[in-house]
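Colleague: Here it is, the structure in full.
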Amino acid sequence: MAETNPELLTKSFELGYTYTRSTGPVIGHFLTELREGRIVGTRTSDGRVLVPAAEYDPVSAEALTEFVSVAEEGVVTTWSWVAEPISHHLLQKPFAFALVRLDGADVPMLHMVDAGEEGAMRTGMRVRVRWAAERRGSITDIACFEPA
Amino acid sequence: MREAAVIGYTQSMQRRYAGAANESELIMPVVREVMQSVGVTQKDIDFTCSGSCDYLQGAAFAFVEGLNAVATAPPIRESHVEMDAAWALYEALLKIWSGEADLCLIYGFSKSSPGELRSVLTLQLDPYYHVPLWPDAVSLAALQARAMLDAGSLTERDMAEVVMRSRRAALLNPKAQLAAETSIEALLAEPRFVSPLRRHDCAPITDGASALLVASADTARRLCARPAWIRGIDHRMETGTLGARDLTRSPSTRYAAARAGVAGRPVDTAELHAPFSHQEIILRRELGLSDSVAVNPSGGALAGNVMMAAGLDRIGHVATRIMRGEADCGVAHATSGPCLQQNLVAVLEA
């Protein structure tokens, strides 16, 4: 329209809230490390390592402050196979949602596994991180996991 | 603590799509019907409390729209929970216990049909670690089902048996959305949806509303021949860190059941809010229900699942059976969040 009538001014508009939220010292640290290509968890009072880093102990509700580095590889503890992705899914091809326990962690984290087909998935399989091409401090800096 | 009892309950037809009817138009008939059932009007209600979800309606303060269904002039005392209306009932009980109210109206409602419910429910998850990955409600429930299958704590046959029983029970529930005579073999022959779940393992998408009346002792006896007394009620929540939970169990249900006093009661009916077939099996174990207890004679959430009302419906169905003299002691359960994250347990008696 602007091309045919130079008198009309047009501007794109996206409805959104202009809030910015701080992710704080624990989640913020986890996301910052992720941007650098490193994965960290937090250690609970009973010595377990939670990944992604959790702010509070899920049992005692104690604030957690000790960070622990964990590996990029781990084990699938459970999974579901999405044969037909819906519009919001980041992988627009059949994939798995999975809980992955990274080496050095005691608790699995939720993410996706790109295994190609359901037959390639099994509980206990080893997977490794596939990093996103561009990392910006988000859980999606891990594009997904892939069979190791 | 003051005694309280459910004295009335009404549920709308459970429908996949309520057409052009808006939320107020879904609520108004059930509110009117439940009040007529005991012969009261809005001016007799001391406190009104609803359960709904802004994300389902796609607008902030969606419950205000719902208030069009009740008479709010002269001004009423009213509150709302952004939760299943079972928790609105809990708030009303606090009013009754503290002597602030004698008769309370509870209602829950939603139209899930306009959106993509699987994705809308994603928005209740952790905004930093979960939401950006868009894990939908069905995929998360499937993680739980797989964990149970892997642990050997159930089989796919067990899951199909839950569905078969729900479909059969729903044949006797005129409000049910899904009812059929089927077999385990026929169900297991169906293709997978989000593996390991099949479509029938998942509650349907339902539009509708439900309303319930709860009263203090004297009011209950005056208005109802056989009130359903609430002997215990408690609700507990587990961590939002999904990986830190044992998905094959529901410790929050077990704890709430202990606090509500389920153990030792002569329970003869139960309604468990299990939006996925495998969850009924978890709940049954955590509540310690014996095999003789009829679970979900209404068909349960698998036969119709109005978001923000389906938990209240469990309490309503148990109460109705007690009020009708078909049962003497029942357990009702409501859930919220992914993979049974939060759970409410109530014990009702004649």
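Colleague: For B:D207, indicate whether it is within 22 Å of B:D328 (Cα to Cα) and not β-branched (V, I, T).
Modeller: no
Colleague: Here's another thing I want to ask about it. Counting residues that are within 23 Å of B:C224 (Cα to Cα) and in contact with a His (Cβ under 9 Å, 6 or more places away or on another chain), which helices (runs of 4 or more DSSP H) fully inside the range B:34-139 reach at least 2?
Modeller: B:85-97
Colleague: Would a scan of the range B:235-254 turn up a residue that is away from every other protein chain (no Cβ under 14 Å), within 23 Å of B:S153 (Cβ to Cβ), open to solvent by less than 10 Å² (accessible area, probe 1.4 Å) and part of a loop (DSSP other than H, G, I, E, B)?
Modeller: Within the range B:235-254 (the criterion being away from every other protein chain (no Cβ under 14 Å), within 23 Å of B:S153 (Cβ to Cβ), open to solvent by less than 10 Å² (accessible area, probe 1.4 Å) and part of a loop (DSSP other than H, G, I, E, B)), the answer is yes, since at least one residue qualifies.
Colleague: Considering each residue of the range B:263-281, count those that are more than 14 Å from chain A (Cβ to nearest Cβ) and either under 15 Å from the mean Cα position of the chain (by Cα) or open to solvent by less than 10 Å² (accessible area, probe 1.4 Å) (or both), and give that number.
Modeller: Residues that pass the stated criteria total 10.
Colleague: Follow-up question, since we're still on this one. Can you tell me how many residues within the range B:175-197 are free of Cβ contacts under 8 Å to residues at least 12 places away in the same chain, loosely packed, with under 14 Cβ neighbours inside 10 Å and not acidic (D, E)?
Modeller: Residues flagged as free of Cβ contacts under 8 Å to residues at least 12 places away in the same chain, loosely packed, with under 14 Cβ neighbours inside 10 Å and not acidic (D, E) within the range B:175-197 amount to 3.
Colleague: In addition: Of the conditions (1) more than 7 Å from chain B (Cβ to nearest Cβ); (2) surrounded by 16 or more Cβ atoms within 10 Å (Cβ to Cβ); (3) touching a residue at least 40 places away in the same chain (Cβ under 8 Å), A:T78 satisfies every one except a single condition; which number is it?
Modeller: Condition (1) is where A:T78 drops out.
Colleague: Sort out which residues of the range A:1-44 are of a type in the set (S, T, Y) and either surrounded by 15 or more Cβ atoms within 10 Å (Cβ to Cβ) or closer than 21 Å to A:L102 by Cβ (or both), and write them in order of number.
Modeller: Within the range A:1-44, A:T23, A:T32, A:T42, A:T44 qualify.
Colleague: Something else: Can you tell me which residues in the range A:104-144 are within 15 Å of B:P132 (Cα to Cα) and either at pLDDT below 95 or of a type in the set (D, E) (or both)?
Modeller: Hit for the range A:104-144 is A:D141, nothing else.
Colleague: Could you tell me which residue of the range B:121-150 is farthest from A:R122 (Cα to Cα), considering only residues that are at the interface with chain A (Cβ under 7 Å from one of its Cβ atoms) and surrounded by fewer than 19 Cβ atoms within 10 Å (Cβ to Cβ)?
Modeller: B:Y128
Colleague: Can you name every residue in the range B:151-164 that is of a type in the set (G, A, S) and either surrounded by fewer than 23 Cβ atoms within 10 Å (Cβ to Cβ) or free of Cβ contacts under 8 Å to residues at least 60 places away in the same chain (or both)?
Modeller: Result: B:A151, B:G152, B:S153.
Colleague: Also, quick follow-up: Give the residues of the range A:115-132 that are assigned to a loop (DSSP other than H, G, I, E, B) and open to solvent by 70 Å² or more (accessible area, probe 1.4 Å), sorted by residue number.
Modeller: A:E117, A:R122
Colleague: Which number in (1) part of a loop (DSSP other than H, G, I, E, B); (2) open to solvent by 30 Å² or more (accessible area, probe 1.4 Å); (3) at the interface with chain B (Cβ under 9 Å from one of its Cβ atoms) marks the one condition that A:R136 misses?
Modeller: All conditions pass for A:R136, except number (3).
Colleague: Test of understanding: among B:A350, B:A332, which residue is farther than 24 Å from B:P135 by Cβ and buried (at least 22 other Cβ atoms within 10 Å of the Cβ)?
Modeller: Exactly one residue qualifies, and that residue is B:A332.
Colleague: Please work out which residue is farthest from B:V120 (Cα to Cα), limiting yourself to the range B:306-325 and to residues that are open to solvent by less than 10 Å² (accessible area, probe 1.4 Å) and not aliphatic (A, V, I, L, M).
Modeller: Out of the qualifying residues, it is B:G316.
Colleague: Starting from residues that are assigned to a loop (DSSP other than H, G, I, E, B) and open to solvent by less than 20 Å² (accessible area, probe 1.4 Å), keep the ones in the range A:87-114 and report whichever is farthest from the other protein chains (Cβ to nearest Cβ).
Modeller: Only one residue tops the list, namely A:D114.
The values are calculated or read from the model by the stated rules, or taken from the named source; none is laboratory data. All values derive from a computational prediction rather than experimental measurement. No Cβ is skipped: glycine too gets one built from the backbone with ideal geometry, and neighbour counts run over all protein chains shown. When the accessible area is computed, the model is the full protein with side chains, heavy atoms only, and any ligands, DNA or RNA have been set aside. Shrake-Rupley method; radii C 1.70, N 1.55, O 1.52, S 1.80 Å.
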